[in-house]
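Notes follow the structure.
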Amino acid sequence: MNILKTSLFGIVATIGLVGCTTSSTQPQNIASTGLLICEQNELCPAVKVAWNEQNRSNLKVTAYLPSAKDDYDIQQFVFLIDQKTYSYVPAAATTHEYIGRMVPHRSSNYIVVPSSFLSTFKNAKDIELKLVTDKGNITRPVYRNGQQSSAYHAFINLYHP
């Protein structure tokens with residue numbers, strides 16, 4: 001009986017170790033989402049930052065524009081970080097989704113940036129994101145005067161030098 005228990009324990013331990021090794025080699029998608037700093041009644045974009053754990057050379061940054069009445073064509077992302085401009089053209093066409101009665105329209109698009117872009121956020125004093133759309137520019141703070149948006153936290157949560 002003792003040999004059976006020992007053998008069973010050995011088999012269970014081996015399966016456990018194999019399971020751990022197998023799962024640790026599979027890529028993990030890491031993502032974080034947050035809102036920009038917006039005034040009441042302003043269109044307030046949400047930003048999602050994501051990358052694949054196995055390939056940290058690029059980040060995918062997606063902007064979502066929820067609107068009660070309009071679809072937007074997002075044509076460019078412009079980050080203004082301490083007076084320095086970083087402009088990116090979206091990687092694809094803007095998508096439009098119907099969400100529900102309260103916010104029926106949601107337009108979204110994404111850019112791909114080098115992961116080194118995150119280091120520009122580290123000691124920044126002022127960060128804004130301007131979305132250039134077919135209906136005009138939408139500019140909102142990401143970080144201003146010590147006030148951190150939840151989108152700022154989405155970027156910082158992924159920053160590990």
## Note on the structure
Flagged in the range 111-136 as in a strand (DSSP E or B) and touching a residue at least 60 places away in the same chain (Cβ under 8 Å), in numbering order, are Leu129, Leu131, Thr133
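Restrict the check to the range 51-59 and report whether at least one residue is of a type in the set (A, V, I, L, M) and surrounded by fewer than 20 Cβ atoms within 10 Å (Cβ to Cβ).
no
Given the criteria open to solvent by 60 Å² or more (accessible area, probe 1.4 Å), among the aromatic types (Phe, Trp, Tyr) and closer than 19 Å to Ser32 by Cα, does Tyr98 qualify?
Against the criterion (open to solvent by 60 Å² or more (accessible area, probe 1.4 Å), among the aromatic types (Phe, Trp, Tyr) and closer than 19 Å to Ser32 by Cα), Tyr98 does not qualify.
The values are calculated or read from the model by the stated rules, or taken from the named source; none is laboratory data. A quick note: this is a predicted structure, and the numbers were derived from the prediction, not measured. Every residue, glycine among them, receives a Cβ derived from its backbone with ideal geometry; neighbour counts consider all protein chains shown. These area figures cover heavy atoms from the full protein model, side chains too; ligands, DNA and RNA do not enter into them. Shrake-Rupley method; radii C 1.70, N 1.55, O 1.52, S 1.80 Å.
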